[in-house]
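Have a look at the structure below before the remarks.
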Amino acid sequence: MEELKEYMSNSIRRIMGRAYSNMLSAPREAHFAFRMKRLFEHSEKCRQAVAEKAGVEVPPFLISSVSTTCNLDCKGCYARKNGIASKSGKQARKTLTPAQWRSIFEEAATLGVNFSLIAGGEPLMRRDLLESIAEVKEMIFPVFTNGTLMKEEMLSFFDKNLNMVPVISIEGQKTETDERRGSGVYANATKAMKSLSTHGLFFGTSITVTTENLEYVTSREFLDQLHKMGCKLVFYVEYVPIEEKTEHLALKDEHVERMERILEKRRSEYERIIFLSFPGDEKALGGCLASGRGFFHIGPDGSAEPCPFSPYSDSNVAQQGLLASLKSPLFKALRDMRDSGWSHTGGCTLYEHREEVENIIKQQKRDENSNQIS
């Protein structure tokens, strides 16, 4: 555990160090990056204090799905499959109010959480939520968006709130992106990147990595194109096979290890770009980082879930608070099972062991019913 904490802390220091160097030519942005760098040093001490006092590790990262609507219908979308989002929003889960989301992140900041990835649905469809979240200036919020709604008012929003970092999702080039996300999406995404660059804003891109596109999306040819568009952050999300007959697209251990080797090389070649991967080399990190070990997922209704690809919950952050959710029986059981040595062949460990996760939930419900009867 100490090695993991040091790894996570070093990762945050590296991210903020690179962000600061990227912004040195812009005084306002450099001041912001320097302030966050100092603040995150304090956050590390907060996490240590909570661990000593409350006996639970606070992760430096959260993933939060704040929107239940999306203007696209992408193939293999986990948010639609898991009931987080729909095109109309009518059949999706309820979402918390802007004030509730802000309260959650205010608590997270006091506990030492540094980042929350903002997902959906499409977050830019909920400007009211983003406005409220942006008020929590002690955290940074990468906002994962398809880029099709990056109008002038949104550019002004990101310019005003530097702690909100737009991350444009693509699949590689035009053919791959439009095939999965719809005709014209790649053109809109690259247009959004160029607009962000023109406005001098720090932004990134998110890429779903499969066995078919791994080599290309980590290649210098592809990264040179992103660099020319002004991209400063590249976030690789490993594909999780939520649809039948797509298992062959999921990365195995050997693919993950290769990608991490390539990224280490790219980090030295592209000093102006921050490279991140999710879930990353879990095997090298001692197992799955979900369930609060390194991060956890908050659903649109406040449900505390192990990760976006494992939509199971026995607690609600809005009702119980973040600290109580970290201590939930489900999270504890999953952390214990990871420590017992779950087998792992690459990609998302919780998805591979989803039947065992479902059995934990079923046993909890049986125990609750038994207690009610007695």
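Observations, loosely collected:
- Residue 122 meets each of the listed conditions (1) closer than 30 Å to residue 214 by Cα; (2) over 20 Å from the mean Cα position of the chain (by Cα) apart from (2).
- Any hit, the stretch 214-228, residues being open to solvent by 20 Å² or more (accessible area, probe 1.4 Å) and in contact with a strand residue (DSSP E or B) (Cβ under 7 Å, 6 or more places away or on another chain): no
- Close pairs (7 angstrom Cβ cut-off, 6 or more residues apart or separate chains): closer than 21 Å to residue 208 by Cα in the stretch 79-100, in a helix (DSSP H, G or I) and at pLDDT 75 or above anywhere: 85/79; 86/80
- Residue that is nearest to the chain's Cα centre (by Cα), among those in the stretch 1-52 that are open to solvent by 30 Å² or more (accessible area, probe 1.4 Å), of a type in the set (A, V, I, L, M) and at pLDDT below 70: 1
- In the stretch 73-99, residue least open to solvent (accessible area, probe 1.4 Å) [restricted to those that are modelled with pLDDT of 90 or more and over 19 Å from the mean Cα position of the chain (by Cα)]: 98
- When residue 175 is tested against (1) at pLDDT 95 or above; (2) assigned to a helix (DSSP H, G or I), just one condition goes unmet, and that condition is (1).
- Among strands (runs of 3 or more DSSP E) entirely within the stretch 79-171, having at least 3 residues that are within 14 Å of residue 65 (Cβ to Cβ) singles out 115-119, 141-145.
- Any chance residue 63 is open to solvent by less than 30 Å² (accessible area, probe 1.4 Å), at pLDDT below 90 and either assigned to a loop (DSSP other than H, G, I, E, B) or among the β-branched types (Val, Ile, Thr) (or both): no
- Here residue 187 meets the list (1) crowded, with 18+ Cβ neighbours inside 10 Å; (2) at negative phi almost entirely, failing just condition (1).
- Test: residue in the stretch 264-279 that is touching a Gly at 6+ places or on another chain (Cβ under 7 Å), open to solvent by 30 Å² or more (accessible area, probe 1.4 Å) and at pLDDT 90 or above: no
- Residue count for the stretch 141-171, restricted to those that are crowded, with 20+ Cβ neighbours inside 10 Å, in contact with a helix residue (DSSP H, G or I) (Cβ under 6 Å, 6 or more places away or on another chain) and either at pLDDT below 90 or farther than 25 Å from residue 36 by Cα (or both): 5
- Scanning the stretch 232-241 for residues that are open to solvent by 20 Å² or more (accessible area, probe 1.4 Å) and out of contact with any Pro (no Cβ under 8 Å at 6 or more places or on another chain) yields a total of 3.
The values are calculated or read from the model by the stated rules, or taken from the named source; none is laboratory data. These numbers come from a predicted model, not from an experiment. For neighbour counting, all protein chains shown are included, and Cβ atoms are generated from backbone atoms with ideal geometry for every residue, glycine included. Note: areas computed on protein heavy atoms with side chains; ligands, DNA, RNA excluded. Shrake-Rupley method; radii C 1.70, N 1.55, O 1.52, S 1.80 Å.
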